[in-house]
Amino acid sequence: MALLSVDPGDIVAIPTVRGGQRGFVLSRIIVPIRLRTIEVFKNFHTNFGMTEERVLEQDFSVENRLFAPVYASMDFSKWVGKVKWSILHKDPSYHREQSRYSDIEIMGPPAEYKEFGVYYKGGQRCFEPPGVRRSIEDSMIYSNTQLMFRIGLHMSGEMAPGEAMNTAKERALLEKYGMDWLVNGTNAWAPISDAIATEMKEAQAKNRAKAKRAAAKLSKPDEM
């Protein structure tokens, strides 16, 4: 297993497919340790050589999230994809309140949420009022392929933007499609992840080489 080393504010490209076309969506690391919390954004991109300048032009607002923030492992292996995803931008000045961390709600373990209303808001343990249970994100830690499968559900229109994944939603999907659909569909993302991540790394390497050549040219004294 190989954990992707990230810092708060890092923009990570997550491979995905839309309408049969390979591409990626952008995500941002909110909390990088323990329960690694990320947000994923709606826009689908196909330019694997996206420059850092172009990344900074993107919409990283709460309103442009594909779904509410979730926990993600970003741990790589032959079962969930071996090629690490690209970090397209690092922002040392980022603060998690730029992502409204204090407003992020994730339910506790499903049994605890159902019985006691336990959920977490901004990382703090909270309780729903008696008789109140909402459709919010559950507390699963997504593996890479699970995260890609989830994104794929939104890309295909199976899930609406902003729709939460929790026990009730998962049960509805399983009743509609069956367990084989879930297992096989999730596993299918590992080779797709590696193919897209490899193509992106090659494109990004070309960007760095081009930038290095340009810098060298600028620093070279003019010949007499």
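No value in this document is a laboratory result; all are computed from the given coordinates. None of these values were measured; they are calculated from a predicted model. Glycine gets a Cβ as well: all are built from the backbone with ideal geometry, and neighbour counts include every protein chain shown.
Sorted on the mean count of surrounding Cβ atoms within 10 Å across their residues, most packed first, peptides 196-204, 128-136 read 196-204, 128-136. Over the stretch 76-205, the Kirkwood radius and the radius of gyration, each from Cα atoms, give a ratio Rg/Rh of 1.02. Packing, taken as the mean count of other beta carbons within 10 Å per residue, orders the peptides 103-115, 206-218 from highest to lowest as 103-115, 206-218. The angle separating the long axis of helix 144-155 from the principal Cα axis of greatest extent in the chain is about 80 degrees. When the alpha carbon coordinates of the stretch 13-125 are projected onto the principal axes, the ranges are 47, 35, 27 Å, largest first. Here the convex hull built on the C-alpha positions of the chain has a volume of 140 cubic angstrom per residue.
If the segment from VAL55 to LYS176 were pulled out straight at 0.36 nm per residue, it would be longer than the present Cα-Cα gap by 39.8 nm. Rounded to the nearest 10 degrees, the inclination of helix 189-219 to the longest alpha-carbon principal axis of the chain is 30 degrees.
For SER156 and GLU97, the difference between the fully extended length at 0.36 nm per residue and the C-alpha to C-alpha distance is 18.2 nm. With R₀ fixed at 41 Å, the C-beta to C-beta distance from ARG134 to ALA195 puts the FRET efficiency at about 0.60.
Would you mind checking the tilt of helix 167-177 against the longest principal axis of the Cα atoms of the chain, expressed as 0 to 90 degrees and rounded to 10? Rounded to the nearest ten degrees, it is 80. The calculated pair-distance distribution of the stretch 147-224 uses every alpha carbon pair, bins of 5 angstrom beginning at 0, and gives 3, 12, 15, 15, 10, 8, 7, 7, 6, 5, 4, 3, 2, 1, 1, 0 percent. Cross-link check: pairs LYS114/LYS169; LYS82/LYS210; LYS82/LYS201; LYS90/LYS201 evaluated at a Cα-Cα cut-off of 18 Å; pairs beyond the cut-off: LYS82/LYS210. Mean residue ellipticity at 222 nm, helices only, the chain: -10500 deg cm²/dmol; runs of at least 4 DSSP H residues each add -39,500 (n - 2.57), and the sum is divided by the number of residues.
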